[in-house]
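Note sheet for the following structure.
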Amino acid sequence: MAKKKASSKKTTAKKTENTVVKPVQKTETAVKVVRAKGGKSLSKTFINKLTQPKSLAAIAAEFIGTFILTSAVIVLTTYGNYITLLGNILLSGLVLAFIVLVIGKASGAHVNPLITAGAWATRRIGHCRALGYLISQILGAMLALVLISYFFSQSGQNLPAAVQKIPEGKEFAVLLAEFIGSMIFAFSVAQVTSQKQHNSTAVALGVGGGLMLALIIAGFATTVIQASSIFNPAVAIAIQAFTVEGTNTLWAIATYLGGALLGGITGFGFSLLLQNNSEK
C-alpha cells in the first residue's frame with residue numbers, strides 16, 4: 001500500500017511539472033486611418049475634372065448651342081402670329097438638327113437640361129459634366145434673352161411675352177402635356193444616340209425629328225387649351241415662364257421644371273430598359 005501511494009504521488013508530481021502555464025497575450029486592435037485617394041478633396045477633384053480641355057470644350061459647346069436654340073425659340077414664338085403652327089414645329093426641329101450637326105461631336109449637343117438629366121440618370125455622363133452642362137445651358141439661354149431684348153429696345157419696343165399663361169383650372173393638363181412631350185423627346189434622343197454605329201446626319205435628323213414629334217403631340221394639346229409647351233427648362237428660365245401675369249408660379253415651376261426634367265429621366269429610362277431587354 002505504501003508503494004502504491006508513493007507511486008501515485010510521483011505521477012501527480014510529474015503531471016504538475018509537465019503542465020505549462022501560458023502567459024495571457026494581449027490583443028491590440030490597430031486602427032487604420034483611411035485617406036482620400038491621392039489626398040485630394042472632393043472640390044479639388046471636381047475642379048480638376050471640369051477644367052480638363054475636353055470638358056471645357058464640351059461645356060462651351062453646350063453654352064453656344066443653348067444660346068442658338070433659345071434665340072430661335074424666342075423669335076419663333078414672338079412672331080407666332082405670322083408663322084403657322086406646323087411651320088413653327090418644322091423650323092424648331094431643323095434648328096435643333098443644325099445644332100446637333102455643329103456641336104454634336106464636342107458635347108453630344110444636349111442643349112437642354114432634361115436631356116442632360118436623363119443622360120446623367122442613366123449614367124451616360126458623370127456628375128461633374130452634368131453640372132457643367134446645366135450651368136452652361138442656363139447661362140446660354142439667359143444671354144440669348146438679354147441680346148434679343150436689347151435689339152427690341154433699340155427699336156423702342158419691349159420684347160413680347162414668349163409664353164402664354166397657364167389657364168386657371170387647367171394646370172394639371174399643361175403639366176401632363178409638358179411631361180409627355182419631354183418624355184417623347186428624351187426617348188427619341190436616347191434611342192437615336194444609343195446606336196453603336198451611327199451617322200452624324202442621321203442622328204441630327206433623329207433628334208430634330210424627336211422634337212418635332214413632341215411638339216406635334218404635346219404641343220398641340222397645350223395649344224388647344226391656350227397654353228404653352230416648352231420642353232426645355234433652360235429656355236423656360238430665360239423667357240421667365242414662371243412670372244407670366246396670371247400664372248400660378250408654383251404650378252409653372254412644377255410644369256416647366258419638374259415635369260420636363262421628370263419626362264427627360266423617364267424617356268431615357270424607357271430607352272435603357274428597351275436596350276437591356278433587346279440584348280438578352
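The single residue among ILE166, ILE239, ILE225 that is touching a residue at least 40 places away in the same chain (Cβ under 8 Å) and in contact with a Lys or Arg (Cβ under 8 Å, 6 or more places away or on another chain) turns out to be ILE225. The single condition from (1) at pLDDT 90 or above; (2) closer than 26 Å to ALA97 by Cα that TRP251 fails is (2).
When the residues of the range 45-67 are narrowed to those that are among the hydrophobic types (A, V, I, L, M, F, W, C) and without any contact (Cβ under 8 Å) to a residue 60 or more places away in the chain, which ends up surrounded by the most Cβ atoms within 10 Å (Cβ to Cβ)?
ALA61
Between LEU273, LEU261, the distinction of being touching a residue at least 12 places away in the same chain (Cβ under 8 Å) and of a type outside the set (D, E, K, R) belongs to LEU261 only. Residues in the range 109-126 that are of a type outside the set (Val, Ile, Thr) and more than 12 Å from SER55 (Cα to Cα): ALA109, HIS110, ASN112, PRO113, LEU114, ALA117, GLY118, ALA119, TRP120, ALA121, ARG123, ARG124. Return yes or no: is ILE184 assigned to a helix (DSSP H, G or I) and either at pLDDT 90 or above or surrounded by 17 or more Cβ atoms within 10 Å (Cβ to Cβ) (or both)? Criteria met by ILE184.
Being at pLDDT below 85 and either of a type in the set (Phe, Trp, Tyr) or in a helix (DSSP H, G or I) (or both) holds for only one residue in ALA234, ALA221, and it is ALA221.
Of all residues in the range 49-102, which are of a type in the set (Phe, Trp, Tyr) and at pLDDT 75 or above?
PHE63, PHE67, PHE98, listed by residue number.
The condition of being closer than 20 Å to VAL73 by Cβ, of a type outside the set (S, T, N, Q) and buried (at least 24 other Cβ atoms within 10 Å of the Cβ) holds for only one of VAL163, VAL235, that being VAL235.
Examine the range 139-146 for a residue that is in contact with a Leu (Cβ under 6 Å, 6 or more places away or on another chain) and either closer than 23 Å to GLY263 by Cβ or crowded, with 22+ Cβ neighbours inside 10 Å (or both), and state whether such a residue exists.
No, there is no match, as no residue in the range 139-146 is in contact with a Leu (Cβ under 6 Å, 6 or more places away or on another chain) and either closer than 23 Å to GLY263 by Cβ or crowded, with 22+ Cβ neighbours inside 10 Å (or both).
Of all the listed residues (ALA204, ALA221, ALA252), the sole one being under 28 Å from SER194 (Cβ atoms), small (Gly, Ala, Ser) and either touching a Ser or Thr at 6+ places or on another chain (Cβ under 7 Å) or crowded, with 19+ Cβ neighbours inside 10 Å (or both) is ALA204. Just checking, does the range 189-198 include any residue being touching an Asp or Glu at 6+ places or on another chain (Cβ under 7 Å) and surrounded by 14 or more Cβ atoms within 10 Å (Cβ to Cβ)? Checked against the condition, which is being touching an Asp or Glu at 6+ places or on another chain (Cβ under 7 Å) and surrounded by 14 or more Cβ atoms within 10 Å (Cβ to Cβ), the range 189-198 yields no hits at all.
The values are calculated or read from the model by the stated rules, or taken from the named source; none is laboratory data. These numbers come from a predicted model, not from an experiment. All Cβ positions, glycine included, derive from the backbone under ideal geometry; neighbour counts span all protein chains shown.
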